[in-house]
1. For segment 92-108, name all the residues that are near the ligand (Cβ under 8 Å from one of its atoms) and not in a helix (DSSP H, G or I).
2. Please enumerate the residues belonging to segment 118-159 that are over 26 Å from residue 278 (Cα atoms) and touching a residue at least 40 places away in the same chain (Cβ under 8 Å).
3. Which residues, taken from segment 302-336, are assigned to a helix (DSSP H, G or I) and farther than 14 Å from residue 256 by Cα?
4. What number of residues within segment 341-363 are farther than 20 Å from residue 266 by Cα and away from the ligand (no atom under 16 Å from the Cβ)?
5. Sort through 186, 167 and tell me the only one that's within 19 Å of residue 21 (Cα to Cα) and free of Cβ contacts under 8 Å to residues at least 12 places away in the same chain.
6. List pairs: first residue in segment 25-49 and not assigned by TED's automatic domain parsing to the domain that holds residue 79, second residue in a loop (DSSP other than H, G, I, E, B) and within 10 Å of the ligand (Cβ to nearest atom) anywhere in the structure, Cβ distance under 7 angstrom, at least six positions apart or on different chains.
7. Please indicate, with yes or no, whether at least one residue in segment 233-246 is within 16 Å of the ligand (Cβ to nearest atom) and out of contact with any strand residue (DSSP E or B) (no Cβ under 8 Å at 6 or more places or on another chain).
8. Which members of segment 54-66 meet the condition of being part of a loop (DSSP other than H, G, I, E, B) and touching a strand residue (DSSP E or B) at 6+ places or on another chain (Cβ under 9 Å)?
Ligand code: NAD
């Protein structure tokens, strides 16, 4: 199959490289000339484990290429995927469909012969209908079908998620589109991945319903964690205890500083808005959004509590800035709110992250940065672990304690054992367990 992928970000690039890996010919198009130049020189503009080797294989096989202009590629395509960003719209939180609209119009101008346009971006219910109208306005003669095929990959494990997904979801009422999508994914479905084919609107909603459910699950265990801190219970055992029930499941029950990232915050907001617009408000999702927002800043209070309420003038090290480990993605990371709250309380923040520093410097310019975790904690009264990078688990706590000027280890991701922290002479403030006061 000849595939054009519009948008070469986390989703477009991974999907494009994976489609090339399973035998399709793929051109990834992006309006960002710098990104395309990097890709053409063999670089990868994002950090995603394994993506460099996968992309290099696709390019070497002649099945993966990159371009800034779709005019030469769309006419040859059997299927064009739209994988552009759909950020939260400033002001009201609705999904901003500007990039999707631009891509749809641009595709319409160049389609030739029957072409399936597939929205892979996360888009609100009814967006497929809108894309269809846009294309018809631009090119009434175009022979196209618009389908939905939301993406469920997770950053950090994106390639495996794409090639070995729990499920593939797609939606269209057009039999020709369905046949094309089945062909595109056949190498993956042949290996056992189920393809759920639904109506287009249903497929669009599956993505939001899934993400909001996961956000609710995280927020739920975070609230249980807060209660554990008050009643001298341990959330790790509570999570294990409830996760053994197969109706609940063990995943997504790690208490922490609140969810962030490029998907959950904007997708919960967008679902909430869609539901309100259709006079069917989703109160649980609304509550989840506000509980999670409040939680991020509240993490700074754990540091303050350790020092009798004030951290004014103290140096606080923050380890981990990305919204989770194994990605360089800083979008809506809880670290942003936590660093801000620490700064508002008068602390001097010095931060370190294995992959997120470049973006962090742009988003949070007014703090100090260190080149290593050990450099970050030098002279700090407290060290806050915000992201559970593997390299933080390997830190020598005795060295950490020697470098720090105070004893506070605020382990928001519960990556250390009480014994090893105590043996190093540090005081551990974990999440969802008795607090050392
Ligand atoms: P991203 O910002 O990393 O990438 C989007 C890319 O699209 C950018 O490189 C941008 O330059 C490009 N672009 C914008 N308009 C364009 C146009 N008209 N033509 C060509 N290129 C254009 O975004 P992402 O994280 O890859 O997310 C893309 C979509 O996938 C979003 O809707 C997101 O919600 C969804 N999604 C993301 C993830 C994830 O983990 N990041 C997972 C599942 C779904």
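The values are calculated or read from the model by the stated rules, or taken from the named source; none is laboratory data. Quick caveat, the model's predicted, so the values are computed rather than measured. Cβ: placed from backbone, ideal geometry, glycine included. Neighbour counts: every protein chain shown.
1. 95
2. Listed by number, the residues that qualify are 153, 155, 156, 157, 158, 159.
3. Those that are assigned to a helix (DSSP H, G or I) and farther than 14 Å from residue 256 by Cα: 303, 304, 305, 306, 336.
4. Going through segment 341-363 one residue at a time, the tally reaches 16.
5. None of the other options fit; the residue is 186.
6. Listed pairs, sorted by first residue: none to list.
7. No, segment 233-246 contains no residue that is within 16 Å of the ligand (Cβ to nearest atom) and out of contact with any strand residue (DSSP E or B) (no Cβ under 8 Å at 6 or more places or on another chain).
8. Going residue by residue through segment 54-66, those that are part of a loop (DSSP other than H, G, I, E, B) are 61-63.
Of everything in segment 54-66, those that are part of a loop (DSSP other than H, G, I, E, B) and touching a strand residue (DSSP E or B) at 6+ places or on another chain (Cβ under 9 Å) turn out to be 62, 63.
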